[in-house]
1. Which condition breaks for residue 24 when tested against (1) at pLDDT 75 or above; (2) open to solvent by 50 Å² or more (accessible area, probe 1.4 Å); (3) farther than 16 Å from residue 130 by Cα; (4) hydrophobic (A, V, I, L, M, F, W, C)?
2. Determine which single condition residue 65 fails, assuming it passes every other condition in (1) at pLDDT below 80; (2) surrounded by 19 or more Cβ atoms within 10 Å (Cβ to Cβ).
3. When you scan segment 132-150, do you find a residue that is among the acidic types (Asp, Glu), modelled with pLDDT under 85 and surrounded by 12 or more Cβ atoms within 10 Å (Cβ to Cβ), even just one?
4. Which number in (1) at pLDDT below 65; (2) open to solvent by less than 80 Å² (accessible area, probe 1.4 Å); (3) assigned to a loop (DSSP other than H, G, I, E, B) marks the one condition that residue 110 misses?
5. Suppose we keep only residues that are among the aliphatic types (A, V, I, L, M) and modelled with pLDDT of 80 or more within segment 1-21. Which one would you say is nearest to residue 135 (Cα to Cα)?
6. Specify which of the listed residues (5, 16) is surrounded by fewer than 16 Cβ atoms within 10 Å (Cβ to Cβ) and touching a Gly at 6+ places or on another chain (Cβ under 9 Å).
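The values are calculated or read from the model by the stated rules, or taken from the named source; none is laboratory data. All figures in this text were calculated on a predicted structure; none of them were measured in a lab. Here the Cβ positions follow ideal geometry from the backbone for every residue, glycine too, while neighbour counts run over all protein chains shown. To get the accessible areas, we keep the full protein, side chains included, count just its heavy atoms, and leave off ligands, DNA and RNA. Shrake-Rupley method; radii C 1.70, N 1.55, O 1.52, S 1.80 Å.
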Amino acid sequence: MNMLFDGIKIGLILSFMIGPIFFALVQTSVEEGFRAGAMVALGIWMSDFLFVLAVYFGVSYLADIVNTQSFTLILGIGGSILLAGFGLASLLTIPKGLLNNTVPDYKRSSSYPSLFVKGFLINTINPFTVFFWTSLMGTVVIKDGFDGNQASIFFGGVLGTIILTDLLKVILAKRIRYSLRPVHLLWLRRISGAALIVFGVVLLVRVLLLVGW
């Protein structure tokens, strides 16, 4: 139970962090509904699940790759471009209804596969996501000598908490969307797009500083 509670605590800490994932979930849920937001979240969860499997079955090999400057630089540049690209797309593709200050038509405009890929890429092409799961595996699981069952309970607590809190964000965002006026939705879209661009720039700067550029 202690391992499960430790995993839940780490999952709660992650859930309260405001980052590109938060803005992507909220914007998609408000504009396109629960199912669309859930598909973005599903892509994020799949990315995290694959990271957990990768670090568990190849932590030493993966750690060697992660610690190379070339890996960090390539993934960091790719991630920053991706985040900035999503942000620009959000700013430049504004529905006509929002610009005309009319009541928006709440219909899904993106395909489910594209929403899944969006969530998966936002979470995956970020070197600090890799660093987090690798560090968690090394400092908690390996250091404390967890066996397979104990590691499964611990990471189950982390991932389970992330899934539940992400679903809660999606549900809350969907419930408030009918209370928002078109101008509010327009500013939400602008803020989300600008935030993704800022996160992309910050990611690039952090990576460049990390590799000593």
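1. (2)
2. Against the list (1) at pLDDT below 80; (2) surrounded by 19 or more Cβ atoms within 10 Å (Cβ to Cβ), residue 65 comes up short only on (2).
3. Let us first name the residues in segment 132-150 that are among the acidic types (Asp, Glu), namely 144, 147.
Applying the additional criterion that residues be modelled with pLDDT under 85 yields 144, 147.
Checking the rest, the ones that are also surrounded by 12 or more Cβ atoms within 10 Å (Cβ to Cβ) come to 144.
Within segment 132-150 (the criterion being among the acidic types (Asp, Glu), modelled with pLDDT under 85 and surrounded by 12 or more Cβ atoms within 10 Å (Cβ to Cβ)), the answer is yes, since at least one residue qualifies.
4. (1)
5. Keep residues of segment 1-21 that are among the aliphatic types (A, V, I, L, M), which gives 1, 3-4, 8, 10, 12-14, 17-18, 21.
Then keep just the ones that are modelled with pLDDT of 80 or more; that gives 4, 8, 10, 12-13, 21.
Details: 4: 18, 8: 17, 10: 13, 12: 17, 13: 15, 21: 20 Å.
Among those residues, the one meeting the criterion is 10.
6. Working: 16 fails: touching a Gly at 6+ places or on another chain (Cβ under 9 Å).
Testing whether each residue is surrounded by fewer than 16 Cβ atoms within 10 Å (Cβ to Cβ) and touching a Gly at 6+ places or on another chain (Cβ under 9 Å) leaves just 5.
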